[in-house]
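Below is one structure, written out as structure tokens; comments come after it.
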Amino acid sequence: MRTSFTRRELAAALGAAAVFPRQLAAQKLVALKPPESGSVVVAFPISANAVVIDFCGPWAIFEGTNVPSRSTRAFDLYTVAETADPVIASSGMTLIPKYTFKNAPDPHVIVIPAQQGNDAMIEWIKAKAKTTDVTMSVCTGAFLLAKTGLLNGKSATTHHGSYNSFGMQVKNVHLKRGFRFVDEGNVASSGGLTSGIDLALHIVERYYGREVATNTAYYNEYQGEGWKDSSGAANSAYAKPNPNGLECPICGMAVDSKAINHSTYNGKTYYFCTENCKSRFDEAPAEAVKLLG
């Protein structure tokens, strides 16, 4: 199957949007150097409730990357878990990890999807990240990434429904609301769900350049443009309050004054989408209100 296209073909198919920017350097991207021989190895640590699109989206992008000038695959992918036992991902998908934390090869890239996670995973990521080019999270995988300490003193983003929870739980990381992804060089994070696709394309571009990344997006019939903005600021809609009325002060989901879960703080009533969000608010209402701005 053909996975590479000329600039003229892409321009004809995509119109003006297919016109390539000048060079990688002009976009203030830090290029990554793929191995001279062999592939860029990408590890996907997984555990219970791993969100399917969080890892399958980036997986498809890396899998679909073709570099005609190379004799090997652009990326070599594997799943890894604490044991070789089947992992039940979101919606019941069953996965068999290719490796365990004890025998997995050293990766160049680690992709952390939203999932349950555990201490063994955190320790494995911390150990392997010492030699990776990039360790990245997708969606609420940012909470696990933060536990490794790799984000300390840096910026990150996560699913918009977890902005306040992240702000309340993670004290030494600057949360960037409304960002499709945040790239800090050797560590990166993306917003929710499909945002991981944009961050993966961004990583493809850092390794192999804009034309290869554009070919990859074209092959996958992915028409999102967020990956082309190296600032990552393409999720601005999610940084704004709910335009249709009340929203849960913890996760940002739309609610109304009929919600059975509500609390009063300093004379104002706050409504929540779930009892769990209400409990988080009640633990530290002053802090939650402060994060609301």
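Karplus-derived 3J(HN,Hα) values for the stretch 48-62, using 6.51 cos²θ - 1.76 cosθ + 1.60 with θ = phi - 60°, are 3, 6, 4, 6, 4, 5, 5, 9, 6, x, x, 4, 5, 5, 5 Hz; glycine and proline are entered as x.
Averaging sequence separations of C-alpha pairs under 8 Å and six or more residues apart, then dividing by the length of the stretch 250-289, give the relative contact order as a whole percent. It comes to 38 percent, rounded to a whole number. Comparing the stretch 126-229 with the 2.2 N^0.38 Å rule of thumb, its C-alpha radius of gyration ratio is 1.07 (two decimals). Proximity of backbone amide H atoms, modeled 1.01 Å from N, is registered between Ile110 and Ala43, Val134, Thr135, Met136 at under 5 Å, excluding neighbours fewer than 5 places apart on the same chain. Dividing the summed helix terms, -39500 (n - 2.57) for each DSSP H run of n ≥ 4, by the number of residues in the chain produces a 222 nm estimate of -8000 deg cm²/dmol to the nearest 500. Note that the stretch 134-146 has calculated 3J(HN,Hα) couplings of 8, 10, 10, 10, 10, 6, 7, x, 4, 5, 5, 4, 5 Hz, one per residue in order, obtained from phi through the Karplus relation 6.51 cos²θ - 1.76 cosθ + 1.60 (θ = phi - 60°); glycine and proline are x. Taking the Cα centre of the chain as origin and assigning +1 to Lys and Arg Cβ atoms and -1 to Asp and Glu Cβ atoms, the resulting dipole is close to 640 debye. DSSP assigns beta bridges within the chain; of those with both partners inside it, close to 35 percent run antiparallel.
Taking the fewest neighbouring Cβ atoms within 10 Å as the starting point, the ordered list for Ser231, Ser190, Ser263 is Ser231, Ser263, Ser190. Taking the longest Cα principal axis of the chain as reference, the axis of helix 210-219 is set at about 80 degrees.
Residues whose amide H lies under 5 Å from that of Asn261, counting only those 5 or more places away or on a different chain, are Phe272; hydrogens are built 1.01 Å from N in the peptide plane.
Taken one residue at a time, the phi angles of the stretch 73-81 give Karplus couplings (6.51, -1.76, 1.60, θ = phi - 60°) of 4, 5, 9, 10, 10, 8, 9, 8, 8 Hz. Gly and Pro are set to x. Shape summary of the stretch 178-293, radius of gyration then Dmax from alpha carbon positions: 18.7, 56 Å. The Rg/Rh ratio for the chain, using Cα coordinates for both the radius of gyration and the Kirkwood hydrodynamic radius, is 1.00.
Quick note: the coordinates plus some simple rules give every number you see, no bench work behind them. The structure presented is a predicted model; accordingly, all values stated were derived computationally and were not measured. Note that each Cβ is placed from the backbone with ideal geometry, even for glycine, and that neighbours are counted across all protein chains shown.
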